[in-house]
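Chemist: Here it is: the structure, laid out below.
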Amino acid sequence: CSRGGGRMQVPSLDLDYFLSFTVLAEPLNVTSSAVAAIFGQFQLSKPMLRFDEPLDLNQMYVCAPPTGGAHPHKVVLYAPQSDIGSTVLITNRQDGWSSLSYQLAKRLGARIAQIIATQHGVEYPQVYFHAWVAGAERAVVCMRDSHAWVFQAQGQELPFEELSAYSARRVSKRLTRERALSYVRAMGWDAVDPNFWQTGRNAVYFQQATVN
């Protein structure tokens, strides 16, 4: 994939881009403090160091996060221009660091949505939607596992879900990137809006130390 001349494209509109983010209905200062506290509890091989800088999504990954978990972990949090009272969280892990989002949900009790959607043409594609609303957890995933597509859903259905789609004959169509993004929009965030991927203030970065 190509990001094109150094100009940041909107990841949600680029099918060759690995789309991965968590968005929380909490301001940046509250979320970043909670993330720092959670990292203090995680048993990481090297500490996560914080710094504040202008937003640059290319610091997380270009096209797709690295495979495996041996690379130094990175996280960026920012207040999106479209909703400065919320926080977007992006990591350089292929699982979106789902355990971090889970811990944030437990700690903050906020409305939270998480999406993972692999880029076009990968051998094992997946679309993953995870939400925490009013203390309830909901997860829906559609993925190719080995040679077969698998669809799974856990938790109570949310009122905006297109439940009829989950019976589609083609399993791969039961949860698409576009449908997952529409669910996030129903929760209050439009990730197709370019302003969702921009901010008017510094972002907060956490980066794993590379030396002891």
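Chemist: Note down the magnitude of the dipole of region 49-140 about its Cα centre, charges +1 on Lys and Arg C-beta and -1 on Asp and Glu C-beta and zero elsewhere, to the nearest 20 debye.
Modeler: In total the dipole reaches around 320 debye.
Chemist: Tell me, what HN-Hα J-couplings in whole Hz come from the Karplus equation 6.51 cos²θ - 1.76 cosθ + 1.60 at θ = phi - 60° for each residue of region 42-59, using x for Gly and Pro?
Modeler: Those phi angles translate into 5, 8, 8, 5, 9, x, 9, 9, 9, 8, 10, 8, x, 5, 9, 5, 5, 5 Hz.
Chemist: Counting helices only, and only those DSSP H runs with n ≥ 4, report the 222 nm mean residue ellipticity of the chain as the sum of -39,500 (n - 2.57) divided by its residues, in deg cm²/dmol to the nearest 500.
Modeler: So the helix-based figure for the chain works out to -5000 deg cm²/dmol.
Chemist: Determine, from the Cβ-Cβ distance of Gln152 and Val192 and an R0 of 30 Å, the FRET efficiency 1/(1 + (r/R0)^6), rounded to the nearest 0.05.
Modeler: For R0 = 30 Å, the calculated efficiency reads 0.75.
Chemist: Please compute the modelled spin-label separation between Leu163 and Gln43, points set 7 Å along Cα→Cβ, answer in nm with one decimal.
Modeler: 4.2
Chemist: Which angle between 0 and 90 degrees, to the nearest 10, do you get for helix 177-186 versus the longest principal axis of the chain when only C-alpha atoms count?
Modeler: Computed tilt is about 70 degrees.
Chemist: Any idea what angle helix 28-41 forms with the longest principal axis of the chain, computed on alpha-carbon atoms, 0 to 90 degrees, nearest 10?
Modeler: It is inclined by approximately 90 degrees.
Chemist: Next question. Using +1 on the beta carbon of Lys and Arg, -1 on that of Asp and Glu, and nothing else charged, what's the dipole of the chain about the Cα centre, debye to 20?
Modeler: For the chain, the charge dipole is close to 260 debye.
Chemist: Let me ask you something else. Identify which of the listed values of P(r) over Cα pairs in 10 Å bins from 0, in percent was calculated from the structure shown: (1) 8, 35, 38, 17, 2, 0; (2) 8, 31, 34, 20, 7, 0; (3) 9, 32, 32, 15, 7, 4, 2, 1.
Modeler: (1)
Chemist: What list of ³J(HN,Hα) couplings, whole Hz, do you get for region 124-135 from phi and the Karplus terms 6.51, -1.76, 1.60, once you set θ to phi - 60° and write x for glycine and proline?
Modeler: Per residue, the Karplus-derived 3J(HN,Hα) values read 10, x, 8, 10, 10, 10, 9, 9, 10, 9, 6, x Hz.
Chemist: Taking θ as phi - 60°, what are the ³J(HN,Hα) couplings along region 95-100 by the Karplus curve (6.51, -1.76, 1.60), each to the nearest whole Hz, with x for Gly and Pro?
Modeler: Per residue, the Karplus-derived 3J(HN,Hα) values read 8, x, 6, 4, 5, 5 Hz.
Chemist: Would you please give the residues with an amide H less than 5 Å from that of Leu158, counting only those at least 5 places away or on a separate chain, with H modeled from the backbone geometry?
Modeler: none
Chemist: OK, next. Which distance in Å, rounded to a whole number, links the C-alpha centroids of region 108-136 and region 30-66?
Modeler: 18
Chemist: With a 1.4 Å probe and every protein chain kept in, tell me what percent of the accessible surface of the chain is carbon plus sulfur.
Modeler: Within the chain, the accessible surface is 48 percent carbon and sulfur.
Chemist: How many angstrom lie between the C-alpha centres of region 74-101 and region 144-212?
Modeler: 13
Chemist: Separate question: Heavy-atom accessible area per residue, the chain, 1.4 Å probe: how many Å²?
Modeler: I get 49 Å² per residue for the chain.
Chemist: For His120, what accessible surface area do you get with a 1.4 Å probe? Give it in Å², rounded to 10.
Modeler: Solvent-accessible area, nearest 10 Å²: 140 Å².
The values are calculated or read from the model by the stated rules, or taken from the named source; none is laboratory data. As the structure is a prediction and not an experimental result, all values here were calculated from the model. Neighbour counts run over all protein chains shown; Cβ positions are idealised from the backbone, glycine included. For the accessible areas, the whole protein counts, side chains as well, though only heavy atoms, and no ligand, DNA or RNA atoms are used. Shrake-Rupley method; radii C 1.70, N 1.55, O 1.52, S 1.80 Å.
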